[in-house]
Amino acid sequence: VQLQASGGGLVQAGGSLRLSCAASRSVFSISVMAWYRQAPGKQRELVATIISSGSTNYADSVKGRFTISRDNAKNTVHLQMNSLRPEDTAVYYCNVDYANGATYWGQGTQVTVSS
């Protein structure tokens, strides 16, 4: 399974970006789709998850600003990021966990928020 992430870029504080991650295989058998991020010198952290039922969960630092969604017809997961802050600067990675236990990572997309 290949995951292709896109949508990163440079934005001013307060701006918005929408990340997308397209899977090469159907997402119907995926139990969890998620976005992680890793800032320079820091550990990778979980940003948001969405499970097969559509239920979502967010890191406290992004609640109310980020929205994760999935488009099963297009095998895609999105992350809408609003009210961006300089501390949101990181490489963002998508991740999928299949029901059989297999897990896959996208290549990462850079998000840079200027103050």
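The values are calculated or read from the model by the stated rules, or taken from the named source; none is laboratory data. Fair warning: this is a prediction, and the values are worked out from it, not measured in the lab. Positions of Cβ are backbone-derived with ideal geometry, glycine not excepted, and every protein chain shown enters the neighbour counts. Each accessible area value is taken on the protein alone, full model and side chains, heavy atoms only, with ligands, DNA and RNA left out. Shrake-Rupley method; radii C 1.70, N 1.55, O 1.52, S 1.80 Å.
Taking max minus min of the alpha-carbon positions on each principal axis, the chain gives extents of 42, 25, 23 Å, largest first. Report the residue, chosen from 26, 53, 61, that carries the largest GNM mean-square fluctuation when the chain is represented by alpha-carbon nodes joined by springs under 10 Å. For the chain, modelled as a Gaussian network with Cα springs under 10 Å, the answer is 53.
Here the Karplus relation 6.51 cos²θ - 1.76 cosθ + 1.60, evaluated at θ = phi - 60°, turns the backbone of region 24-32 into coupling constants of 7, 10, 3, 8, 5, 9, 8, 8, 9 Hz, with x for every Gly and Pro.
Residues of the chain: accessible area per residue at 1.4 Å, in Å²?
That works out to 51 Å² per residue.
Rg/Rh for region 56-96 stands at 0.98; both radii use Cα atoms, and Rh follows the Kirkwood definition.
Couplings 3J(HN,Hα) of region 90-100, computed from phi: 4, 8, 9, 10, 8, 9, 10, 10, 7, 4, 7 Hz, in residue order, whole Hz [Karplus 6.51 cos²θ - 1.76 cosθ + 1.60, θ = phi - 60°; x for Gly and Pro].
First compute the accessible area of the chain with a 1.4 Å probe, then give the percent of it belonging to carbon and sulfur atoms.
Details: 2790 of 5910 Å².
Carbon-and-sulfur percentage of accessible area, whole number: 47.
When the alpha-carbon atoms of region 6-63 are used, the pair Rg, Dmax equals 13.3, 37 angstrom. Net charge of the neighbourhood of residue 88, taken over other residues with C-beta under 15 Å away and scored Lys/Arg +1, Asp/Glu -1, is +4.
Compare the peptides 66-75, 89-98 by average per-residue count of other Cβ atoms within 10 angstrom and give them in order, highest first. Display every interim value, and only then the final one.
Values: 66-75: 15.9, 89-98: 20.6.
Sorting 66-75, 89-98 by mean packing, highest first, produces 89-98, 66-75.
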